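Worksheet for the structure shown next.
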Amino acid sequence: MRERQEIQEVPRSRLTANDTGILLPAITRDPHPGALRWVLHFIYDLAWGLTAIVGVPFLLWKHRRRQGFGAVLLERLGRGFSRYPARGERRRVLVHGVSVGEVKGALPIVRELEAARPDLEVVVSTSTETGTAIARQLFPNHLVVHFPVDITRVVKRFMRAVDPASVVLVELEIWPNFLRVSNRLGIPVAVVNGRITEQSFRSYRWSKGFLPQFNRISLFCAQGREYSERFLELHVEPERVIETGNVKADGLRIGRTAAPPELERLLHPDPEQPVLVAGSTHEDEELQVARAARAALSGWHVVLVPRHPKRVRDLMAALAAEGFAAQRLTELRAGLAPDPDALAVVDTIGELDAVFALADLAFVGGSLVPRGGQNMLEPAAQGVPVVVGPNLQNFTQEARILREAGALEVLDEPGQLRSALARLAADPERREAMGRAGMEATAAQQGAARKTIAALEAVCLPPPAEA
């Protein structure tokens, strides 16, 4: 019979024990031995191989169109694992975030973890080029690696090269072979800042008896009740699920601060102009915002920050075709004179938080098109009133918190963007009230990282070296 344990206070006075009841100990062996599971994973590996063969033309096309794609893919397939530095005396914890949002969410976890456990070395992994670029900005003194393609042989090589004592997956990002190899190597796996979208939940509920197996994961630290209930419905043991809150709030600076002088000069050339920042936008959203702003925001300056800067070349052509003058941030930095009447397009990575500091009003993308939204806590934390479209499936909790606080306006359909912008532009008092409410609501969410570290300490992290 398995011994249960309660969360203990981590060895740092400001990290107090989290009152979450009883948790089961870490999973350090394969809960699914036997021939049937071997066959399932063999078929799964075979499917990867067949997909790679069929997908060769597509992969070659992406390699030609996207600089760096081929190098990332080769590393994820194992090329370069042998060049990872061997760990020293400190045991390693692998913290994985699939892309930009998850990597940013990992920052408070890594900070708290290193403060509580200086005897551990944190290695950061990610799956995308943009995620890697952000990770190297946020974690300049850490080993940053690419997460392996989920083929058993590749995963084994990756785990031998990194040699982690524990694995921390930010939000979810689970792969069947990675979990199985971790179990067989005795490496506990935890999900932190856990969330599961409605679409993913339906898929996992259908496949939960096959792959992946959620009962290979030792601990689920869920953002809130909605997500914890979904994990439980996937037959995760209740003693492995706790609610710790959204760690992304811990990584945010609360309150208005001045933007960097360079951005102020280049992106806000006329200080008398109010500024609309449309951040984390996806394809087609920039044009919708530009059209709505042209109709509703006379005298405002508009700054567009696409989610994927590699789209900017096509975006500039689309804007020009509709008669919009636009300037890229890289051109402005190269000496182009800022034009207050032109749209500004931020074509760099990692500057969105600083750009939001310029905003009198923010639109957060991924919400006018069916992409599920993006993180609207970032501008709200800085006291910026926020408008979003109706597609918020991936950020329902954040939207609910801000909407209940009166900090967020959610459109019923994309065509309402023009009227919403016009209404808020004409009502500075409401914008100010929304901004205050956003700061207060975001501040109230902070503290999740401390709770998460306490849970990890109780279940998944190796004991301190001096123990």
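Descriptive notes on the structure:
- Among the residues examined, E89 does not qualify as among the charged types (D, E, K, R), at pLDDT 95 or above and surrounded by fewer than 18 Cβ atoms within 10 Å (Cβ to Cβ).
- Residue in region 326-336 that is under 27 Å from the mean Cα position of the chain (by Cα), over 23 Å from P274 (Cα atoms) and either outside the structural domain of N375 (by TED's automatic domain parsing) or in a helix (DSSP H, G or I) (or both) present: no
- Residue that is nearest to the chain's Cα centre (by Cα), among those in region 1-59 that are of a type in the set (D, E) and modelled with pLDDT of 70 or more: D45
- Of the residues making up region 412-445, those that are buried (at least 19 other Cβ atoms within 10 Å of the Cβ), within 29 Å of I109 (Cβ to Cβ) and not hydroxyl-bearing (S, T, Y) are G435, A437, G438, M439, A441, Q445.
- Summed over region 412-430, residues that are closer than 21 Å to Q288 by Cβ and part of a helix (DSSP H, G or I) total 12.
- Scanning region 260-288 for residues being within 15 Å of F356 (Cβ to Cβ) and crowded, with 19+ Cβ neighbours inside 10 Å gives a total of 10.
- Test: residue in region 247-255 that is part of a loop (DSSP other than H, G, I, E, B) and either of a type in the set (D, E, K, R) or in contact with a Gly (Cβ under 6 Å, 6 or more places away or on another chain) (or both): yes
The values are calculated or read from the model by the stated rules, or taken from the named source; none is laboratory data. For clarity, every value in this text was computed on a predicted model and none was experimentally measured. Please note: Cβ atoms are built from the backbone with ideal geometry, for glycine as well, and neighbour counts cover all protein chains shown.
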